[in-house]
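Have a look at the structure below, then the notes.
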Amino acid sequence: MSKLSVSHLLGIKYLTTSDIELIFETASHFKEVINRPIKKVPSLRDVTIANLFFENSTRTKLSFELAQKRLSADVINFSASNSSVKKGESLIDTVNNILSMKVDMVVMRHPNPGAAMFLSKHVDASIVNAGDGAHEHPTQALLDCFSIREKLGDIAGKKVVIVGDILHSRVALSNIFALKKLGAEVMVCGPLTLIPKHIESLGVTVETNLQKALQWADVANVLRVQFERMRTSFFPSNREYAMQYGITKQLVEQLDNDLLIMHPGPINRGVEISSDVADSEHAIILDQVENGVAVRMAILYLLASKIEQ
C-alpha cells in the first residue's frame, strides 16, 4: 500500500500532490463503507486518539469523533474550556499528561498559529491539525477539494472563487494551498478590509466585485464572516455586507454559468448567503459534511499505518 510522505497532518503546505491523491483514493473507499448498513470497520481497533480542542468547535469535532468511531479507534475527548488549561497549565504539560495515558494520535484545534507544529516537535504521537488560529485547517480544505472533484470530475483547470472573510480564515489559506497544488485557478473576493495584503503572492487574483467573481467561477466557496476574531469593525454593518457580498438567489439566477456553491459552515444565513441559496440544488453543503467524515477517516487511517512501522 502507498504511504503518506508525512507522519503528521500539520498543514496542506507540507503535503505532496501524491499525498492528496492518496487521501482522496482512501476517502472514496471509506465513503462506500459509511454508506453500508454496518458502518464500522476494525481498521484502528488498537489505536488511541485524543481530541484536544482548545477552541470551541462543533462540526469539526463531531466529524473527527464520528470518523474515529467508524474506524473502531479508542477515543479520548478533551475540551480545554473546562480543563486545567484555564488554571494556567501549559500546552506541553496538558499533552504530556494525556500522552502518559499511551495515546497514539492527537487531533488538536488551538487558537495559536503554529501550535500543531510545536506539538509535533515535542511529543511522540502523530498530530492532526484541526485548525490553528487563522493559519491552516487542512482537513477542511481536503474535504472541500474532494467534494469539488466528486461533482466536477477534476480540479485541474477549474476556476474557484473564495468569497468573504479571507483575512480571518484558516479555511481560505488551506484551500488556496490545496487548490493550487491540484491545478485550479483561484480568486478571492470580498471587501478589501477582509483581504490580506500581499495575498497575490500565493498565486491568486483579487476581485472586489462579487458579480464579476461569480460570473468567472465554476465553484464559489463562501466563507463565514468571523465576528469572533474581529477586534474592530471591518465593514459598516451586516446589512451592508449582505448587500455587497451576500450570495442571493437573484444574484445566482443572473449568472450565465452553472455555479457550484460550497460553505464550510456554520452558516450566517442572510449575511454571506441567503437560505434559499444554501438550500438550493446549486449548494453542496451537506455533501461536504458527509465527505468530511470519509476524508477524516482516510487521514487517520493513513497516519495510523505510519505509526505501526
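The numbers here are math on the coordinates, done by the rules we state, and not lab data. All values derive from a computational prediction rather than experimental measurement. Here the Cβ is made from the backbone with ideal geometry for all residues, glycine too, and neighbour counts use every protein chain on show.
Let's test the formula: R0 of 41 Å, r as the Cβ-Cβ distance of Glu281 and Asp46. What FRET efficiency results, to the nearest 0.05? It would help to have the intermediate numbers written out before the result.
On the way: r = 43 Å, r/R0 = 1.06.
Calculated transfer efficiency: 0.40.
Given labels modelled 7 Å from the Cα in the Cβ direction, how far is it in nm from Gln250 to Asp124?
Label-label distance for Gln250 and Asp124, simple model: 6.4 nm.
Cut-off under 26 Å on the C-alpha distance; same-chain residues fewer than 8 positions from Lys13 excluded. Which lysines are left, in chain and number order?
Cα-Cα hits under 26 Å: Lys3, Lys31, Lys61, Lys121, Lys151, Lys158, Lys159, Lys180, Lys181, Lys197, Lys306.
In debye, nearest 20: dipole of the range 138-285 around its Cα centre with unit charges on the Cβ of K, R (+) and D, E (-)?
Dipole size: approximately 540 debye.
With both bridge residues required to lie in the chain, what share of the DSSP beta bridges run antiparallel, to the nearest 5%?
Values: 1 of 36 bridges.
Within the chain, antiparallel bridges account for around 5 percent of the total.
State which stretch of the chain is the longest one without any exposed GluC sites (Glu not before Pro), exposure meaning a DSSP loop state and at most 16 other Cβ atoms within 10 Å. Walk me through the intermediate numbers first.
Values: sites that count: Glu89, Glu281, Glu308.
Excluding the exposed sites themselves, the longest stretch runs over 90-280.
List the aspartates and glutamates whose Cα lies under 13 Å from the Cα of Lys212, skipping any in the same chain that are fewer than 8 positions away.
Straight-line reach from Lys212, under 13 Å: Asp256.
Contour minus end-to-end for Ser79 and Val289, with contour as 0.36 nm per residue of separation and end-to-end as the Cα-Cα distance?
On the way: separation 210, 0.36 × 210 = 75.60 nm, distance 2.20 nm.
Here the segment from Ser79 to Val289 would lengthen by 73.4 nm.
Please report, largest first and rounded to whole Å, the three semi-axes of the ellipsoid equivalent to the range 1-103, where each semi-axis is the square root of five times an eigenvalue of the C-alpha gyration tensor.
Working: eigenvalues 151, 65, 36 Å².
In descending order the semi-axes read 28, 18, 13 Å.
Taking the Cβ-Cβ separation of Asn56 and His29 as r and a Förster radius of 35 Å, what is the calculated FRET efficiency to the nearest 0.05?
The computed FRET efficiency comes out at 0.65.
Would you list the membrane-span-like helices of the chain, meaning whole DSSP H runs whose alpha-carbon atoms span at least 18 Å along their axis and whose mean Kyte-Doolittle value is at least 0.0?
Values: long enough: 17-34 (25 Å, 0.27); 138-152 (21 Å, 0.07); 285-307 (33 Å, 1.03).
Span-like helices, by this rule, are 17-34, 138-152, 285-307.
With the dipole of the chain worked out from charges on the C-beta (+1 for Lys and Arg, -1 for Asp and Glu) around the Cα centre, which of Leu44, Thr16, Ile176 lies farthest toward the positive end?
My answer, from the dipole projection, is Leu44.
Among Val295, Ile307, Met187, whose Cα lies farthest out toward the positive end of the dipole of the chain, if unit charges sit on the beta carbon of Lys, Arg (+1) and Asp, Glu (-1)?
Of the listed residues, the answer is Ile307.
Within straight cross-link reach of Lys69, meaning Cα distance under 19 Å, which aspartates and glutamates are found once same-chain residues fewer than 8 apart are removed?
Within the straight-line cut-off, Lys69 pairs with Glu32, Asp46, Asp104, Glu290.
What is the local net charge at His110, summed over the other residues whose Cβ is closer than 9 Å to its Cβ (Lys, Arg +1; Asp, Glu -1)?
Cβ neighbours under 9 Å give a net charge of -1.
Find how many whole Å separate the alpha carbon centroid of the range 111-175 from the alpha carbon centroid of the range 40-69.
17 Å
Any chance you could get the radius of gyration and Dmax over the Cα atoms of the range 138-285, in Å?
In Å, with Rg to one decimal and Dmax whole: 13.9, 41.
Quick one: putting +1 on the C-beta of Lys and Arg, -1 on the C-beta of Asp and Glu, what dipole do you get for the chain around its Cα centre, in Debye to the nearest 20?
Its charge dipole is roughly 660 debye.
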